[in-house]
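Peer 1: Would you mind keeping the following structure in view while I ask a few things?
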Number of protein chains: 2
Amino acid sequence: MKNKAKATSFDIAHYAGVSQSTVSRALRNSPLVNDETKRRVHEIAEQLNYKVDKNASNLRTQQSSTLALLLFEDPTTDESQINPFFLSMLGSITRACAKEGYDLLVSFQSSSSDWRADYEDSHRADGIILLGYGDYLDYQARLQELLDQDTKFVCWGATVDNHPDLTVSCDNYGGGQLAAQHLFALNRTDCAFIGDASNHSPEFFARYKGFKDAFEAQGVALNDRKIANAISTEDSGYHATKSLIANNISFDALFAASDLIAIGAIRALLEAGINVPEDVHVVGFDDIPAASYVSPTLTTVQQNTTLAGQMLVKNLLSLIKNEPVESTLLPPSLIVRGSSD
Amino acid sequence: MKNKAKATSFDIAHYAGVSQSTVSRALRNSPLVNDETKRRVHEIAEQLNYKVDKNASNLRTQQSSTLALLLFEDPTTDESQINPFFLSMLGSITRACAKEGYDLLVSFQSSSSDWRADYEDSHRADGIILLGYGDYLDYQARLQELLDQDTKFVCWGATVDNHPDLTVSCDNYGGGQLAAQHLFALNRTDCAFIGDASNHSPEFFARYKGFKDAFEAQGVALNDRKIANAISTEDSGYHATKSLIANNISFDALFAASDLIAIGAIRALLEAGINVPEDVHVVGFDDIPAASYVSPTLTTVQQNTTLAGQMLVKNLLSLIKNEPVESTLLPPSLIVRGSSD
DNA sequence: ATGATCTGTGACACCGGTGTCATAATGTCA
DNA sequence: TGACATTATGACACCGGTGTCACAGATCAT
């Protein structure tokens, strides 16, 4: 096997004394080929360390056994700091792809300028998974463009207008309710919310809405003044909370739209001499690994990333095969830890 | 643009009234083509939303503008918990690839059974980046196999026997020294080490060695009994530290081979009523995001993941182009935080 | 005017597989 | 034994680009 040049199916054909067509069929276990011939071909392929040339194969079959993952980040986010939640998703998506026999192309769309969704057009991937919080410059417009071009794609979280079936997401509204019910049961009803209560970021808004509605269902109204905006970074959560404190806004519980925000919030609270959980209960969202490392450990609404990754891949593959796809809403679960105990 | 079928270069040729050859050349800005012709071809390509078919192009040119990233994980690691340090590396590698105009295929090699390095053989990728701590079943043997097959690859951390030029790594030894010098300066000389002081995991061993040697250079000998083995997880660090405590082994400083281990160690210490940093100073390694979230915040030896990713990609590309490649050792830096302050 | 060089283009083979069709060899049944 | 189905295989076009070669027409030097 010292040969520099990679072996082709013609080489195998030569050694096996059959035609190249037969080799191709044999390697794909076509029932048309005699078992003995198959065995011989496989054996020689093994010896030559032969691997099917994916480019040739893909070119002919017009499909690539590859999915592309586009990860959007908040433009303000630091280069090296990627939201751990999405990294966790990336892990589960990778695994789900592998399980289905697909490869995964990963691409970070750090700024709207280098948005690149031509993986399908160029036949590099059979479909695209879009991952990211919130909305981006021309987000909906771009998704619409993908729809127009008949590109196969699924989104995490964000719903495409009139095409909810292209979305897999966590039940953010229900998650907000879980957080509220938990705090209500502990008699913490004077709540602050850090995140984004406008409809700017659909996920964050849904979390807030569920939270608010669940409290109202118990006859408790949330005070709008106790809301501070933040994007999903520790730093942003820290500053948002600090500004609440600076404005002398009091509360005995705090619901953060993400764990990173919650962690930043806790830092701000502790710095201000406010104890967690004694003075303020804190609940986050996501359950990133760090949630169980920080102290106090963080109570949070967990998203099942493993399942999410599987569903994204599964739905995308269905879409590619033109099978009917159903909208998927994953149930979150509350993980109670030190910050509310 | 309602056409279902994707446009090909023949379509453009037809509309532009030139041959397909000329289209191909024009689109790649060949100097052989008249400027006016180029303009017309580009314009039509734009209108038809034409994208070069990568499979055809790759097949012909025998290269893929794609790199593959194989991420190894400790087999014991939980599915969803990927070492944040490697995720950070993944981020920087992705960016470095994008900058060089390469795509990135990501694959997790969770168990040795599905080791898959045929991305180059099958022409899916031009080269491979191997990422992971420690050694794996048949690790060296497998790398040797890649070498034999003349596969282009670079490794993070682990050195391939007789081929250090294929490695990019952090100066783990120097990092260990930094940690030791820091603790020595604070007069903390009764140190424990949590990690792996055997040569099982080369990186961890180098960190330990540098740490030990730096202390010995100051005339301080480390006590071998104050070493506990751990793999790079929070849990493992927690248990290793707990066992030291259970054996009544005392120390006034602790150096952990990774941040996850350090975070687990701090948890064990605090649980045992040992204060950090008052009773025990703790220093980690990596500087994962969580290092600045935990409390006390973690002093650690930082690895520059951005640079690391760039170097891995750069060296691999050089290798692919058969250019000479130099071994790369990246300087770590000490980040002093609350756990040793 | 004549050969030499340059410019822009088209024809065509080729990359390494896959799918279709034709066909030889063998078996089946009336 | 002839008509027909079945099995196993080869020949060949094809996927959509890229690279090589040939060549027409314009430009230039002698």
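The values are calculated or read from the model by the stated rules, or taken from the named source; none is laboratory data. Only a predicted model underlies this, so the values are computations on that prediction, with no experimental measurement involved. Glycine gets a Cβ as well: all are built from the backbone with ideal geometry, and neighbour counts include every protein chain shown. Only protein heavy atoms, including side chains, enter the accessible area calculation; ligands, DNA and RNA are left aside. Shrake-Rupley method; radii C 1.70, N 1.55, O 1.52, S 1.80 Å.
Peer 1: Based solely on its DSSP helices, what 222 nm [θ] is calculated for the protein assembly as shown when runs of n ≥ 4 H residues each add -39,500 (n - 2.57) and the sum is averaged over all residues, nearest 500 deg cm²/dmol?
Peer 2: Mean residue ellipticity, 222 nm, calculated: -12500 deg cm²/dmol.
Peer 1: In whole Hz, with x marking every Gly and Pro, tabulate ³J(HN,Hα) for the stretch A:24-32 from phi via Karplus 6.51 cos²θ - 1.76 cosθ + 1.60, θ = phi - 60°.
Peer 2: Whole-Hz 3J(HN,Hα) from phi for the stretch A:24-32: 4, 5, 4, 5, 9, 6, 5, x, 6.
Peer 1: Let me confirm one metric for peptide A:285-295, namely the mean number of other chain beta-carbon atoms within 10 Å of its residues' beta-carbons.
Peer 2: Shielding by partners across A:285-295 averages 6.
Peer 1: To continue, here is another question. Once you compute Rg and the Kirkwood Rh from C-alpha atoms, what is the Rg to Rh ratio for the stretch A:9-52?
Peer 2: Dividing the radius of gyration by the Kirkwood radius yields 0.90.
Peer 1: According to a simple spin-label model (label point 7 Å from Cα along Cα-to-Cβ), what is the distance in nm between residue B:200 and residue A:323?
Peer 2: That separation, rounded to one decimal, is 4.3 nm.
Peer 1: A further question follows. Report relative contact order for the stretch B:9-52 in percent, whole number only (criteria: Cα-Cα under 8 Å, sequence separation at least 6).
Peer 2: 39 percent
Peer 1: So, one more: Just tell me how shielded A:54-67 is by partners: mean number of partner chain Cβ atoms within 10 Å of each residue's Cβ, no decimals.
Peer 2: Per-residue shielding by partner chains comes out at 5.
Peer 1: Another question about this same structure. Using a 1.4 angstrom probe on the protein heavy atoms only, line up B:36, B:73 by accessible area, largest first.
Peer 2: So the residues, ranked largest to smallest area, are B:36, B:73.
Peer 1: Dipole size in debye (nearest 20) for chain A around its Cα centre, Lys and Arg Cβ +1, Asp and Glu Cβ -1?
Peer 2: Result for chain A is approximately 1440 debye, rounded to the nearest 20.
Peer 1: In straight Cα distance, which aspartates and glutamates are under 16 Å from residue A:314, not counting same-chain residues fewer than 8 positions off?
Peer 2: A:100, A:103, A:126, A:165, A:323, A:326
Peer 1: Taking the Cβ of residue A:224 as the centre, find all other residues whose Cβ is under 15 Å away and add up their charges (Lys, Arg: +1; Asp, Glu: -1).
Peer 2: Net charge in that neighbourhood comes out at 0.
Peer 1: Nearest 20 debye, what's the magnitude of the dipole of the stretch B:9-52 about its Cα centre given +1 on Lys and Arg Cβ and -1 on Asp and Glu Cβ?
Peer 2: That gives the stretch B:9-52 a dipole magnitude of about 140 debye.
Peer 1: Test of understanding: in a Gaussian network model of chain B with alpha carbons linked when under 10 Å, which of B:31, B:289, B:324 would top the mean-square fluctuation ranking?
Peer 2: Checking each option, the largest mean-square fluctuation is seen for B:31.
Peer 1: OK, next. How large is the translational diffusion coefficient of the stretch A:115-218 in µm² per second when you combine the Kirkwood radius over alpha carbon pairs with Stokes-Einstein at 4 °C and 1.567 mPa s?
Peer 2: 84 µm²/s
Peer 1: Follow-up. Sorted from shortest, what are the nm distances separating the label point of residue A:61 from equivalent points in the other copies, each placed 7 Å from Cα along Cα to C-beta?
Peer 2: Copy-to-copy label distances for residue A:61: 2.4 nm.
Peer 1: Using a Cα-Cα cut-off of under 12 Å, which aspartates and glutamates could be cross-linked to residue A:212, ignoring same-chain neighbours fewer than 8 residues away?
Peer 2: Correct list for residue A:212: A:190, A:224.
Peer 1: Under a GNM of chain A (C-alpha, springs under 10 Å), which listed residue has the highest mean-square fluctuation: A:23, A:294, A:106?
Peer 2: A:23
Peer 1: How large, in percent, is the carbon and sulfur part of the accessible surface of the stretch A:9-52 at a probe radius of 1.4 Å?
Peer 2: Using a 1.4 Å probe with all protein chains present, the stretch A:9-52 comes out at 49 percent carbon and sulfur.
Peer 1: In addition: Which of the pairs A:51/B:6; A:6/A:38; A:6/B:321; A:99/A:152; B:6/B:54 have their Cα atoms more than 23 Å apart in this structure?
Peer 2: Result: A:51/B:6 exceed 23 Å.
Peer 1: Let me ask something else. Give a residue-ordered list of calculated ³J(HN,Hα) values for the stretch B:220-231 (Karplus: 6.51 cos²θ - 1.76 cosθ + 1.60, θ = phi - 60°; whole Hz; x for Gly, Pro).
Peer 2: 10, 9, 7, 8, 4, 5, 8, 10, 10, 7, 7, 9
Peer 1: Here is a follow-up. Relative to the longest principal axis of the C-alpha atoms of chain B, give the angle of the C-alpha long axis of helix B:84-99, reported between 0 and 90° and rounded to the nearest 10°.
Peer 2: Compared with the principal axis, the helix lies near 30 degrees.
Peer 1: Mind checking how much accessible area B and A bury in total, 1.4 Å probe, in Å² rounded to 100?
Peer 2: The buried area between B and A, both sides summed, comes to about 4700 Å².
Peer 1: To the nearest 10 square angstrom, what accessible area does residue B:189 show with a 1.4 Å probe?
Peer 2: Here the accessible area works out near 50 Å².
Peer 1: Something else about it: Any idea what angle helix A:259-271 forms with the longest principal axis of chain A, computed on alpha-carbon atoms, 0 to 90 degrees, nearest 10?
Peer 2: 30 degrees
Peer 1: Per residue, how much accessible surface does the protein assembly as shown expose to a 1.4 Å probe? Answer in Å², no decimals.
Peer 2: Accessible area per residue: 42 Å².
Peer 1: At 1.4 Å probe size, with no ligands or nucleic acids counted, give the accessible surface of residue B:82 in Å², nearest ten.
Peer 2: Roughly 20 Å² of residue B:82 is accessible to a 1.4 Å probe.
Peer 1: What accessible surface, in Å², does a 1.4 Å probe find on residue B:53, ignoring ligands, DNA and RNA and rounding to the nearest 10?
Peer 2: That residue has around 30 Å² of solvent-accessible surface.
Peer 1: Angle, helix B:234-246 long axis vs. longest principal axis of chain B, Cα atoms, 0 to 90°, nearest 10?
Peer 2: Here the helix axis deviates by roughly 10 degrees.
Peer 1: With bins 20 Å wide starting at 0, give me the P(r) of the protein assembly as shown over every alpha carbon pair, in whole percents.
Peer 2: In whole percents, the pair-distance histogram is 17, 45, 31, 7, 0.
Peer 1: Between the DSSP loop rule and a limit of at most 13 other Cβ atoms within 10 Å, which trypsin sites (Lys or Arg not before Pro) in the stretch B:284-341 are left?
Peer 2: B:321
Peer 1: If eta is 1.567 mPa s and T is 4 °C, what Stokes-Einstein diffusion coefficient results for chain A, Kirkwood Rh from Cα pairs, in µm²/s?
Peer 2: 58 µm²/s
Peer 1: Using the Cα centre as the reference, give the magnitude of the dipole from point charges on the C-beta atoms of the protein assembly as shown (Lys, Arg: +1; Asp, Glu: -1; all else neutral), rounded to the nearest 20 debye.
Peer 2: Roughly 1780 debye, rounded to the nearest 20.
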